[in-house]
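J.: Please read through the structure below; I'll follow up with questions.
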Amino acid sequence: MSRRQQVVYLAAAWCLSYPDEELIGRVPLMRAALAEFPGAVADFAEVLDRLESTPPMESQAHYVREFDLGKRHALHLSYWTDGDTRRRGEVLGNFKKTYRQSDVLVDTHGELPDYLPMVLEYAALVDLGAGRELLTRFRASLEMLRFGLLRDELPHARILQAVCATLPGKSPADEQAVMRMAGYGPPTEAVGLDPYDPRLLPVKGA
């Protein structure tokens with residue numbers, strides 16, 4: 001089971017990252033690794049097919065449009081639960097603390113530490129248990145992102161589905177159920193406001 005999770009997490013990390021030439025060159029490697037687990041191949045097939053068949057510049061423009069411009073498909077986990085409130089700083093600090101405790105230098109490449117591809121790669125290559133704990137803690141964020149991708153008919157939704165399937169419990173049936181799972185409404189852009197139930201503060205520590 002752990003081998004399957006590692007393969008799913010690493011393939012997901014790469015498929016959700018900016019499609020530069022190096023990443024596109026990894027498609028055969030991803031196909032080969034996922035082939036060990038037939039049930040996982042289907043969830044990645046469309047994204048991998050597109051990476052191979054679409055001109056790189058077109059893939060890159062599409063990625064920027066869908067994942068970098070705007071927040072509809074934000075890949076930063078704490079954005080979905082804490083928005084741009086001050087409380088988010090503490091949450092990001094907890095991600096850093098988890099990385100430090102693994103005794104492995106994690107290069108964030110200038111990204112915030114809750115960047116989903118980074119968390120997935122950390123789980124796959126550094127510490128499966130700690131990485132999976134982070135993903136479980138932010139399960140609601142993963143599900144909100146999944147529904148956003150589904151709504152816009154992006155094939156990455158199935159990759160989020162594959163990641164969520166490795167975590168405890170079933171995925172919520174709809175977005176309202178995700179909101180109930182999270183315990184509060186959608187994120188806010190207003191720094192310093194406290195739109196959520198104060199009883200539901202993020203878990204301290206890693």
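J.: Please report Rg over Rh for the range 1-96, where both radii come from the alpha carbon positions and Rh follows the Kirkwood definition.
T.: 1.04
J.: Can you give me the Rg/Rh ratio for the range 45-165, using Cα atoms for both radii and the Kirkwood formula for Rh?
T.: 0.97
J.: Between Thr54 and Ala165, what is the FRET efficiency for a Förster distance of 25 Å, r being their Cβ-Cβ separation, to the nearest 0.05?
T.: E(calc), rounded to 0.05, equals 0.40.
J.: So if I restrict to the alpha-carbon atoms in the range 16-64, what is the Rg, and what is Dmax, the biggest pairwise distance, in Å?
T.: Rg and Dmax of the range 16-64, Cα atoms, are 11.0, 32 Å.
J.: Of the GluC sites (Glu not before Pro) in the range 5-105, which ones lie in a loop per DSSP and count no more than 13 other C-beta atoms within 10 Å?
T.: Passing both the DSSP loop test and the Cβ count: Glu36.
J.: While we're here: Contour minus end-to-end for Leu112 and Leu128, with contour as 0.36 nm per residue of separation and end-to-end as the Cα-Cα distance?
T.: Taking Leu112 through Leu128 to full extension adds about 3.8 nm, to one decimal.
J.: Another question about this same structure. Please work out the C-alpha center-to-center distance from the range 145-164 to the range 42-58 and express it in whole Å.
T.: If we compute the Cα centre of each part, the gap is 15 Å.
J.: Expected output is a single nm value to one decimal: the length gained when fully extending between Leu69 and Ser102, i.e. 0.36 nm times separation in residues minus the C-alpha distance. What is it?
T.: Here the segment from Leu69 to Ser102 would lengthen by 8.6 nm.
Taken together, the values in this text are just the output of simple stated rules run on the coordinates, not laboratory data. Keep in mind that this is a model prediction, so the values were computed, not measured. All Cβ positions, glycine included, derive from the backbone under ideal geometry; neighbour counts span all protein chains shown.
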